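The values are calculated or read from the model by the stated rules, or taken from the named source; none is laboratory data. This is a predicted model, so every value here is computed, not measured. Neighbour counts are summed over all protein chains in view; Cβ atoms, including those assigned to glycine, are modelled from backbone coordinates with ideal geometry. Note: areas computed on protein heavy atoms with side chains; ligands, DNA, RNA excluded. Shrake-Rupley method; radii C 1.70, N 1.55, O 1.52, S 1.80 Å.
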Amino acid sequence: MDKPQINVHIKSKSTSKADACTRFPSRLQRGLKSSAGKGRILFPLLLATLTGVLLGVCLLLLFKGQTASGIVSATSPDAPAAQPGGVPAFGAEAELPGVSLYAMQIGVFKDRARAEALQAAVADKGVGTVIRGTEQFQVFTAVTADKAAGKQLEAALKDLEIQHYPKEFIIEARSGKLTGVAEADAKTITTGIAKELQLAAAIMPLALEPSPDASKAKALAPELAALDGELKNWQTILAKANRTEEKVLLEKMHGSLSEAVKAVQEGRGMFAAQVKLTAFYLGYESLVSNLLKSE
């Protein structure tokens, strides 16, 4: 009888190196497979991003400087430059008149503290003053049309033992561009300032009289009231043009003129009216140098 054949398979305890790598992949292999998977995702994203950037640059170069029909772009060389606050630097030509006066000066100093000390000392005697300057400080107490017109004022200062001397005070006429303001509005501003100067010239002789004519002083009331109304329009124009500094100067100038007129009308005395009139003209001097841009 034939014996049945028995096949015996013996499993070795050790497997080949290749089989081990297949069955148990190393960390390096797993990392490589993971990186390859991520790469298949990231590469299209990077390619799309780079394509978008290049396309944007090409479009920018293609359309740079071009504008819509009839419209000037903000980046076009033809666009007006902008002032601080984003207001275009357009404007209208304008002119402000000059003024030739004499100022009654009672002191001049290199140190503002000394000028203020003199200002306080004469205030105790009932004399108001205004300080002019930034490097050299002049102390003014009055303004007159000429030397002869100030004789009564000089006599009063002499009686108070206040040293003084008349000094030529000239504000040069100025022409230039009123930036940020349309032509019609520029005319409104300059016409209004001219009216203020006319009223100041009218009040000046009355402000030099110890007892001014009440009827003449009263006649100035309608002019002042009209200017009070116009001031609001000037404020609106300058605010719209982002001319805040000039708006404040004009407000202070008008305020000083208004106080000078009231001082004469109420008979407060020569020095009370004169110090306000002096402040008005110093305000105009500052306004002239700031309002118009010379070409």
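I'd like the per residue volume of the convex hull spanned by the Cα atoms of segment 189-295, given in cubic angstrom. Could the numbers behind the result be given before it?
Numbers: hull volume 9.2 nm³, N = 107.
With only Cα atoms used, segment 189-295 gives 86 Å³ per residue.
Report ³J(HN,Hα) in whole Hz for each residue of segment 101-108, in order, from the Karplus equation J = 6.51 cos²θ - 1.76 cosθ + 1.60 where θ = phi - 60°; Gly and Pro get x.
9, 10, 9, 8, 9, 10, x, 8
Can you give the accessible area per residue of segment 144-208, in Å², using a 1.4 Å probe?
51 Å²
Would you mind checking segment 182-209 for residues with the amide N under 20 Å from a putative spin-label position 7 Å along Cα→C-beta of residue 146?
Residues passing the 20 Å test: 198, 200-209.
Send over a whole-number figure in Å² for the accessible area per residue of segment 220-282, probe 1.4 Å.
42 Å²
What accessible area, in Å² to the nearest ten, does a 1.4 Å probe give for residue 165?
110 Å²
Remind me, relative contact order of segment 181-272 in percent, using alpha carbon pairs under 8 angstrom and six or more residues apart?
Values: 59 pairs, mean separation 38.5, N = 92.
Worked out over segment 181-272, it gives 42 percent.
Report, to the nearest whole %, how much of the accessible area of segment 118-277 belongs to carbon and sulfur atoms, 1.4 Å probe, protein only.
Ligands and nucleic acids excluded, carbon and sulfur give 50 percent.
To check my understanding: the extent here is largest minus smallest coordinate of the Cα atoms along each principal axis. What are those three numbers for segment 99-255, in Å, largest first?
Computed over the Cα atoms, the extents are 51, 42, 26 Å.
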